[in-house]
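Note sheet for the following structure.
Where a number appears in this text, it was derived from the coordinates with a stated rule and is not lab data. The structure displayed is predicted, hence computed values, not measured ones. Counting neighbours? That spans all protein chains shown, and the Cβs are built from the backbone with ideal geometry, glycine included.
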Amino acid sequence: MVIRNYRQEDLSDVIKLYGSSQVKSPFFLRDKDYFDYFTSYPGVKEDSIFIAASEHRIEGVAVLAIIHKRYTAGRIIELWASEATAENALLQKAVKYCRNNNVDAIEVKAPTFLDSGKTFAGWQRIDQREVMMVKSLSLVPLLQALFDTMTLKGVGDGKGFLLVCGNETIEVKISKTEAKIVETDKSWRDSDSIVVKVSSKTLLEIIFSTANPYIAFLIGQVKIRGIRNILRVMKMFRVIRINQPWTVAIVDSR
């Protein structure tokens, strides 16, 4: 299996790939106009369209767009493969491309026609219909991007935060004008910052608006040192939360 960039002469074989799919759930038929629309989508470049090819035929295609919003997102707007090996190889290529282009998080519409348990290990579903999935490449640049785009007035009231996310500890230093987010090896026990214990999974759910931070606190998914710090932490979560509703193209959504 070889993963390479798309070439114009691949078009007819990509259309054949669409036509030979064994998808059992309803989906929109793909044709040349469909493929041309996605390859001309804003943020798509010539080197961000990938082909999975075996010796005799094309086994899969992925189209990746780099979107700049509150953070830099790699959005896989098309992922179509004949089998799981090709799908996994395309996904790994997209992740590597995003790492090399300073992307904070990758978004994709989860395929409904393959067993993607292994392929999507480490990814997270971010809507109730389980259509959209996201993978954070690193929490530090993602948090930095979200803090940089918001007013920090009153956040923390002059105190910083120490986010303990499993084996990763992130220090959030806040002034009146900026926030600096860094990984640290500080012990939370010795810190004078507001300490918040939360798993990376729950933190991403809060960021992408699929979990209510207050409910997460009530059920023990978020732990805060010091009762008086609860409101400060909730304000911090409001600052980094992406409140806009998640939308996906109507194509293939259930």
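List of remarks:
- Arranged from fewest to most other beta-carbon atoms within 10 Å of their beta carbon, Phe161, Phe38 become Phe38, Phe161.
- Loop-located GluC sites (Glu not before Pro) across segment 168-197 with a Cβ neighbour count of 13 or fewer within 10 Å are Glu178, with loop assigned by DSSP.
- Percent RCO, i.e. relative contact order, over segment 141-240, from Cα pairs under 8 Å lying at least 6 residues apart: 29 percent
- Note on Arg189, Arg232: ascending count of other Cβ atoms within 10 Å places them as Arg189, Arg232, the fewest first.
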